[in-house]
Amino acid sequence: MNVQCQLCPKECLIRPGQSGECRVRVNIDGQLQTVVYGFPCAIHVDPIEKKPFFHFLPSSQTLSLATVGCNLHCKNCQNWEISQINPEDYAAYPCPPQQLVELSQKYNCPSLSYTYTDPVVYYEYTYDTSMLAHAAGIRNTLVTAGYINKDPWKKLLQYVDAARIDLKSISDDFYRDICSATLKPVLDTLVLTKASGVHLEVINLVIPTLNDKPEQIRKLVQWVKSNLGGETPLHFSQFYPQYKMQYLPSTSAETLDTARQIAMSEGMQYVYIGNITSKEGQNTYCPGCKTLLIERSGFTVTKNQLNNGTCPSCGKKIYGVWK
């Protein structure tokens, strides 16, 4: 008997013994099952800034994990070795949800990050671990492309403290051609996340010739400002040749600086540049009095002058989760 997956907008109709596009959700005897539950292929302790989260528990460490698989097939994927592979072709290790919570406590990580591939595809593992972590006082953060149906997303958000969501382009054609996906479900996920009160940061990977024109960037920024608010941290990240896009050059510093300037001119209060050295583009400034609040070098915070989440100079409350 065929079964239909209802987790993401692709809603794959899966024949017996076969998997959906994500490779990890399989029709076994007429029942849809995940074959990666409790079997991560990667577990690391990372700085939270690496995700990147710049307004969530700065300078803290986060226990990061992933399984193989992804429901998108981005031609530029930097983790394609694990996202675009069959589960039987990559080493994984048993680590049930309770053990992840215990590892977080052992390594003094105040948060768990579901990352590297996409927590959407290992949804049940993410959900169960998040419930246990929440009960233990450990925060849950999602690093995701946000390609998920509304009902499962709403259910998961009950236990999520922060989400860093890709907005790869404001063009549906881009999503179809580059990611094998569509735009609207991602926009819906972003709006739902912000409306739920979960801390949200947005990242846009700027790819030369594909989504780097000033008018494309301005259109994306205007959507973010109108639908998510000017206080939402927005990260522009440098593309570098990877996977099926090794024929394109890396994004120039000038292009990223232009993107940042456009975003600030449209009223975005916290705009960052990633994957490339940028002194101003990695720091947090008060949008009111322009005081330097948090200074960063790469993934390291070198100075933090926030006073309980407010600017020490003018008292303005800064969007984020600070302790």
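The values are calculated or read from the model by the stated rules, or taken from the named source; none is laboratory data. On a predicted model such as this, the values are computed, not experimentally measured, just so you know. FYI the Cβ positions are ideal-geometry reconstructions off the backbone, even for glycines, and counts take in every protein chain you see.
In the range 264-282, the condition of being touching a residue at least 60 places away in the same chain (Cβ under 8 Å), in a loop (DSSP other than H, G, I, E, B), under 20 Å from the mean Cα position of the chain (by Cα) and within 21 Å of residue 217 (Cβ to Cβ) is met by at least one residue.
For first residues located in the range 287-298 and part of a strand (DSSP E or B), partners that are among the β-branched types (Val, Ile, Thr) and exposed (fewer than 15 other Cβ atoms within 10 Å of the Cβ) and lie 6+ apart or on another chain with Cβ distances below 7 Å form the pairs 295/302; 296/302.
Take the residues of the range 129-146 that are of a type in the set (A, V, I, L, M, F, W, C) and in contact with a Leu (Cβ under 9 Å, 6 or more places away or on another chain): which is surrounded by the fewest Cβ atoms within 10 Å (Cβ to Cβ)?
Restricting attention to the range 129-146, the residues satisfying the condition of being of a type in the set (A, V, I, L, M, F, W, C) are 131-133, 135-136, 138, 142-143, 145.
After this cut, where a residue has to be in contact with a Leu (Cβ under 9 Å, 6 or more places away or on another chain) as well, the list is 132-133, 138, 142, 145.
On the way: 132: 19, 133: 23, 138: 21, 142: 27, 145: 25.
Top of the filtered list is 132.
In the range 192-202 there is no residue matching the filter, namely being more than 30 Å from residue 151 (Cα to Cα), assigned to a loop (DSSP other than H, G, I, E, B) and hydroxyl-bearing (Ser, Thr, Tyr).
Somewhere in the range 253-265, is a residue among the β-branched types (Val, Ile, Thr), in contact with a Gly (Cβ under 6 Å, 6 or more places away or on another chain) and within 23 Å of residue 77 (Cα to Cα)? Steps first, answer last, please.
Within the range 253-265, the first condition is being among the β-branched types (Val, Ile, Thr), and the residues that meet it are 255, 258, 262.
Then keep just the ones that are in contact with a Gly (Cβ under 6 Å, 6 or more places away or on another chain); that gives none.
No, because not a single residue in the range 253-265 is among the β-branched types (Val, Ile, Thr), in contact with a Gly (Cβ under 6 Å, 6 or more places away or on another chain) and within 23 Å of residue 77 (Cα to Cα).
Checking each residue in the range 305-319 for being at pLDDT below 95 and either touching a Ser or Thr at 6+ places or on another chain (Cβ under 6 Å) or not in a loop (DSSP other than H, G, I, E, B) (or both) picks out only 307. Per this entry, residue 232 is not counted among residues that are among the polar types (S, T, N, Q) and without any contact (Cβ under 8 Å) to a residue 60 or more places away in the chain. The one condition from (1) among the polar types (S, T, N, Q); (2) over 22 Å from residue 244 (Cα atoms); (3) buried (at least 20 other Cβ atoms within 10 Å of the Cβ) that residue 67 does not meet is (2).
Please determine whether any residue of the range 84-102 is among the polar types (S, T, N, Q), buried (at least 20 other Cβ atoms within 10 Å of the Cβ) and at pLDDT 95 or above. No: the range 84-102 contains no residue that is among the polar types (S, T, N, Q), buried (at least 20 other Cβ atoms within 10 Å of the Cβ) and at pLDDT 95 or above. Residues in the range 114-138 that are of a type in the set (A, V, I, L, M, F, W, C) and either free of Cβ contacts under 8 Å to residues at least 12 places away in the same chain or under 14 Å from residue 36 (Cα atoms) (or both): 120, 121, 135. If you check 222, 261, 242 for being free of Cβ contacts under 8 Å to residues at least 40 places away in the same chain, of a type in the set (S, T, N, Q) and either at negative phi or in a loop (DSSP other than H, G, I, E, B) (or both), only one passes: 261. Cβ-Cβ distances below 8 Å connect the following pairs, each with a first residue in the range 82-94 that is within 9 Å of residue 41 (Cα to Cα), a second residue that is at pLDDT 95 or above and acidic (Asp, Glu), and a separation of six or more residues or different chains: 90/81. Could you tell me whether residue 274 is farther than 26 Å from residue 77 by Cβ and either small (Gly, Ala, Ser) or surrounded by 18 or more Cβ atoms within 10 Å (Cβ to Cβ) (or both)? Judged against the criteria, residue 274 is not a match. Among the candidates 51, 10, single out the residue that is touching a residue at least 60 places away in the same chain (Cβ under 8 Å) and closer than 30 Å to residue 320 by Cα. None of the other options fit; the residue is 51. Going residue by residue through the range 40-47, is there one that turns out to be at pLDDT 95 or above, over 23 Å from the mean Cα position of the chain (by Cα) and part of a strand (DSSP E or B)? No - not one qualifying residue is present in the range 40-47. Within the set 183, 187, the sole residue that is among the aliphatic types (A, V, I, L, M) and over 15 Å from the mean Cα position of the chain (by Cα) turns out to be 183.
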